[in-house]
Amino acid sequence: MPGLEDQLRKPVRGMRDLTPELYYAVNYVEEKLTKLAEAFGYRRVETPAVEHFEVLARKAGREIVNEIYYFRDKAGRELGLRFDMTVPVARVLSYRLDEPKPVRWYYFTKVWRYDEPQHGRYREFYQFGIELVGSNSPKADAEVLALMARSIEAVGVQDYTIRLNDRAAMDRILASLGVEGSRDEVLRALDKRGKIPDDELFKLLLAAGVDKSSAELLMSLIAEPRPIEEAPDFLSKYDRDIGERYRALIKALEAYGLSRRLVLDLSIVRGLDYYTGMVFEAFAGEYKLAVGGGGRYDNLIELYSGVKTPALGFAIGVERLMEAAGISQMAIPLDYYIYPLTDDAYNVAVKIADFLREKGASVAVDLGELTLREALEHAAKTGVKYFVIIGKRELEKGVVKIRDMYKRVEFEVELNRLGQL
Ligand code: HAM
């Protein structure tokens, strides 16, 4: 039989099979990040992969709406796969209105986007993120930025920058340049900065109705990031309150020892439409794509619940962060592989296995189909610490023979001393 066509043996385009060595690498990162979030007082949340399409589409923004996996179920409901966790969390809080504020929730889970697959861009990927809901304080902004920074550090990346901007400030800046009606189109164009050449971006600005001198000014404003310390004075020129907010934020960031990691970058506008204030993206070392992003979305929850609720958060693209950190595969060796040479020995092997498992070890018992040599080869290939042999002679002596697969030495251990290795 020919079996499946090659193309059908591979996962669906843009998706990945996580075989154990890949899965354990993800799991390692998950453990680090969840431990960190828990230590900051965040609690884990999970929601269904499938949402009402209407919930997803309401405030996603034009580009993301096009990326939603959309379908109808058998009852004709219009549904979609979640493209992030911010929207589902906002939906949950829209019926859990009495949840004590501020709410600190985190997630490590899969999301789906019908994006064009390429390096670092998948159609199914993991996001680790947090949402801090119910606080408008700059200290909340600092906490979220600090947690994002610590998350990046937690997987071993020390060289990273967080680029920060403010949607409300951008509104004022665009208004000062006379850009009003086509604001969304201008923001969408700015979001392409770095992905398309600057002269093309300039043309997009003109096409969005920005006049030539304003477009030139805008290009010069977004050309270079500024040290974050300049943000209060710079932003005050456009809006005093926003400027002062950043003065308070920088103070709070200093408490975390974090301000040197941040720059004010007016080209960061973000593709999602629900942001209302601070927005940011994290870049690690030489890795070109953002490893994380987030911001304030003070109107999103109101859109679902009718109750005004300030909120912010971030999400990290787990696959991207892993790549930036050089974490790709992780084998988990088995503690013991027990090879009984006889049926009597098999009985003892199963009992020994249970005894060792009870002590927390991982133990596999040979199924009787491999020769000793084949079993040793299998153990060497799959990763085993101790290969245990029990035969007639061992049973009579009340011992087992153990081969330390790493040190390549063999020794005998009395049955009652097993588990002390
Ligand atoms: P986002 O910037 O759309 O924000 O996604 C967050 C991160 O997910 C990105 O920085 C990137 O690392 C990763 N990512 C995005 N698309 C892909 C893809 N196609 N393949 C692999 N990784 C990808 C959000 O999702 C917001 N919900 C973040 C947030 C939380 N804002 C407030 N709270």
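The values are calculated or read from the model by the stated rules, or taken from the named source; none is laboratory data. This is a predicted model, so every value here is computed, not measured. All Cβ positions, glycine included, derive from the backbone under ideal geometry; neighbour counts span all protein chains shown.
If we keep just the residues of segment 102-118 that are out of contact with any Lys or Arg (no Cβ under 7 Å at 6 or more places or on another chain) and in contact (Cβ under 8 Å) with a residue 12 or more places away in the chain, which is surrounded by the fewest Cβ atoms within 10 Å (Cβ to Cβ)?
My answer is K110.
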Do we have P232 as buried (at least 18 other Cβ atoms within 10 Å of the Cβ) and at pLDDT 95 or above here?
yes
Go through (1) at pLDDT below 95; (2) under 30 Å from S213 (Cβ atoms); (3) of a type outside the set (K, R) for D115 and report which single condition fails.
(2)
Matching residues, segment 158-182, being crowded, with 21+ Cβ neighbours inside 10 Å and under 15 Å from A324 (Cα atoms):
I162
Can you pull out the helices (runs of 4 or more DSSP H) entirely within segment 42-130 that have at least 1 residues that are of a type in the set (G, A, S) and within 24 Å of D141 (Cβ to Cβ)?
86-95
Checking the structure you have, find out if any residue of segment 103-121 is at positive phi and either charged (D, E, K, R) or near the ligand (Cβ under 10 Å from one of its atoms) (or both).
yes
Just to be sure, is E286 out of contact with any helix residue (DSSP H, G or I) (no Cβ under 9 Å at 6 or more places or on another chain) and either more than 16 Å from the ligand (Cβ to nearest atom) or more than 24 Å from I173 (Cβ to Cβ) (or both)?
no
Hits in segment 292-301 (condition: assigned to a loop (DSSP other than H, G, I, E, B) and within 8 Å of the ligand (Cβ to nearest atom))
Y297
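One line per residue, one yes/no per condition, for (1) of a type in the set (G, A, S); (2) in contact with a Leu (Cβ under 8 Å, 6 or more places away or on another chain); (3) under 21 Å from V318 (Cβ atoms):
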| site | (1), (2), (3) |
| --- | --- |
| L22 | no, no, yes |
| E31 | no, no, yes |
| E38 | no, no, yes |
| A57 | yes, no, no |
| R91 | no, no, no |
| L97 | no, no, no |
| K110 | no, no, yes |
Could you tell me whether segment 140-155 includes any residue that is touching a residue at least 12 places away in the same chain (Cβ under 8 Å), crowded, with 18+ Cβ neighbours inside 10 Å and in contact with a Ser or Thr (Cβ under 6 Å, 6 or more places away or on another chain)?
no
Being surrounded by fewer than 16 Cβ atoms within 10 Å (Cβ to Cβ), at pLDDT below 95 and assigned to a helix (DSSP H, G or I) is the requirement here; does L218 meet it?
no
Enumeration of residues in segment 250-291 that are in a loop (DSSP other than H, G, I, E, B), under 22 Å from the mean Cα position of the chain (by Cα) and of a type in the set (V, I, T)
I268, V269, V291
V269 versus (1) over 23 Å from L217 (Cβ atoms); (2) among the hydrophobic types (A, V, I, L, M, F, W, C); (3) buried (at least 20 other Cβ atoms within 10 Å of the Cβ): which is the lone unmet condition?
(1)
Criterion first (surrounded by 16 or more Cβ atoms within 10 Å (Cβ to Cβ), hydroxyl-bearing (S, T, Y), within 10 Å of the ligand (Cβ to nearest atom) and within 24 Å of R44 (Cα to Cα)) does Y304 satisfy it?
no
Can you tell me which residues in segment 325-369 are of a type in the set (A, V, I, L, M, F, W, C), under 30 Å from A282 (Cβ atoms) and in a loop (DSSP other than H, G, I, E, B)?
I327, M330, A331, I332
Sole exception among (1) surrounded by fewer than 16 Cβ atoms within 10 Å (Cβ to Cβ); (2) at pLDDT below 95; (3) not small (G, A, S) for E185, by number:
(1)
Test L258 against the stated conditions and say whether it is under 17 Å from L174 (Cβ atoms), buried (at least 18 other Cβ atoms within 10 Å of the Cβ), aliphatic (A, V, I, L, M) and more than 9 Å from the ligand (Cβ to nearest atom).
no
Mind telling me which of the residues T109, T47 ends up being under 23 Å from the mean Cα position of the chain (by Cα), among the polar types (S, T, N, Q) and farther than 30 Å from E286 by Cβ?
T47
